[in-house]
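The structure under discussion appears below in the form of structure tokens.
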Amino acid sequence: MSFAMRLLAAALLLPALGACTSTTPHLDAGFGESVATLRAQQTADLSASLRNQDRVVLGFEARTAGAAMDRYYGSFAKPAKPANIFTIGIGAGPAAP
């Protein structure tokens, strides 16, 4: 291989090697810190659920709370079908008087 070919190969490989290096090392060093900070700021008391598990909630009837939770969990079992935006108002029939 001639010197010119080696020089050309080296010139073509240098940009490819540069693409493998990180261009933002000072930003990558703190990656994820903002999420951890925000999560800590939004969590008032980590042990509140353990400390209050035996307390009774006043002002909310058990039957109503059970029905609300059943609807909530049911919404994940059978999610609503997404509406097709291209057929809005088509085929709905005549408006009721």
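The values are calculated or read from the model by the stated rules, or taken from the named source; none is laboratory data. This is a predicted model, so every value here is computed, not measured. Note that we place each Cβ from the backbone using ideal geometry, even for glycine, and neighbour counts take in every protein chain shown.
One residue stands out in segment 39-97 among those that are at pLDDT below 85 and hydroxyl-bearing (S, T, Y): the one that is farthest from the chain's Cα centre (by Cα), namely T87. Of the helices (runs of 4 or more DSSP H) contained entirely in segment 1-72, those carrying at least 3 residues that are small (G, A, S) fall at 3-18, 33-42. Restricting the first member to segment 1-23 and to residues that are at pLDDT below 70, and the second to residues that are among the acidic types (D, E) and part of a helix (DSSP H, G or I), the beta-carbon pairs closer than 6 Å and six or more apart or on different chains are S22/D28.
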